[in-house]
1. Go through the stretch 34-44 residue by residue and turn each phi into a ³J(HN,Hα) via Karplus (6.51, -1.76, 1.60, θ = phi - 60°); whole Hz please, and just put x for glycine and proline.
2. Over the stretch 1-65, average the accessible area per residue using a 1.4 Å probe and give it in Å², no decimals.
3. What size of dipole, in debye to the nearest 20, comes out for the chain about its Cα centre when the only charges are +1 on Lys and Arg C-beta atoms and -1 on Asp and Glu C-beta atoms?
4. Ranked highest first by the average count of other Cβ atoms within 10 Å around their residues, in what order do 64-76, 37-49, 18-30 fall?
5. Can you list residues whose amide H is under 5 Å from ILE24's amide H, if they're 5+ apart or on another chain and H is modeled 1.01 Å from N?
6. So if the hydrodynamic radius of the stretch 9-61 is defined as the Kirkwood radius over C-alpha pairs, what does Stokes-Einstein give as its diffusion coefficient at 10 °C and 1.306 mPa s, in µm² per second?
7. Using a probe of 1.4 angstrom, how much of the accessible area of the chain is carbon and sulfur, in percent?
8. Taking Cα atoms of the chain, Rg/Rh with Kirkwood Rh, to two decimals?
Amino acid sequence: MQNLLVIGSLAALAANLPFLSDKILFVFIPKSGRKNFCWRVLELGLLFLLLGLLARLIEGQLSPVHPQNWPFYVSTLALFSVLAWPGFVWRFFWRKPGL
């Protein structure tokens with residue numbers, strides 16, 4: 001149960017990270033000064049994959065890993081996107097320009 005809370009908390013944090021920073025992959029500063037929306041989506045996908053690998057490692061330590069089909073990955077991607085909503089709103093709707 002504790003592992004589920006850790007993965008859930010990390011998922012909520014990872015889903016919002018692309019919207020909190022203007023650096024590409026949290027390291028490179030873009031030449032234009034602002035990160036394009038496509039970079040944010042790419043980072044969101046990369047963090048989704050990293051979190052999925054972490055969850056698979058944790059599941060492998062606790063029990064045999066259950067095989068999953070495409071509906072599982074589509075539904076977890078949809079949930080990950082919903083978790084990214086607060087960061088998206090903060091970045092594009094709520095935040096004042098220049099912050």
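1. Per residue, the Karplus-derived 3J(HN,Hα) values read 10, 7, 5, 4, 4, 5, 5, 5, 4, 5, 4 Hz.
2. On the way: 4550 Å² over 65 residues.
Solvent-accessible surface per residue comes out at 70 Å².
3. Values: 9 positive and 3 negative charges, 111 e Å.
About 540 debye.
4. Numbers: 64-76: 9.5, 37-49: 15.8, 18-30: 13.8.
The most tightly packed comes first, giving 37-49, 18-30, 64-76.
5. Amide H neighbours of ILE24: ILE29.
6. Details: Rh = 11.9 Å.
In µm²/s, the coefficient is 134.
7. Numbers: 5450 of 7430 Å².
For the chain, the apolar C and S fraction of the accessible surface comes to 73 percent.
8. Working: Rg = 15.4 Å, Rh = 14.8 Å.
Result for the chain is an Rg/Rh of 1.04.
The values are calculated or read from the model by the stated rules, or taken from the named source; none is laboratory data. In this text, all values refer to a predicted model and were calculated from it rather than measured experimentally. So basically every Cβ, Gly included, is an ideal-geometry build from the backbone, and we count neighbours across all protein chains shown. Calculation scope for accessible area: heavy atoms of the full protein, side chains included, ligands and nucleic acids excluded. Shrake-Rupley method; radii C 1.70, N 1.55, O 1.52, S 1.80 Å.
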